[in-house]
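Right, one structure below, let's go through it.
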Amino acid sequence: MVDTTADSDLLDLRKGRPAAGQDPVKRAQIIEGARRVFIDKGFEAASMNDITREAGVSKGTIYVYFENKEELFE
């Protein structure tokens, strides 16, 4: 009989934060920030900088999840 406990423990150690652009909580955080900015300023006046500030994420992070504000608005 083979002991798979060690293998199972190793797999548990590999779990960590999601790969870039794959964290559903971060994605929802960005979408919610965008929603608030779009409501407050309107689509045309909203900028990605406004959205990053409102969402509490960096500019690099927002672009990992969304290519532009049009994609965020969809």
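Every number in this text was worked out from the coordinates using simple rules, so none of it is lab data. What you see is a predicted model; the values in this text were computed from it and never measured.
Extension gain for A28-Y63 works out to 11.2 nm (0.36 nm per residue, less the C-alpha to C-alpha distance). Volume per residue for region 27-74 equals 58 cubic angstrom (convex hull of Cα atoms). Were the residues from I39 through R53 laid out at 0.36 nm apart, the gain over their Cα-Cα distance would be 3.5 nm.
Over region 27-74, what relative contact order in percent results from Cα pairs under 8 Å that are six or more residues apart?
On the way: 36 pairs, mean separation 20.8, N = 48.
43 percent.
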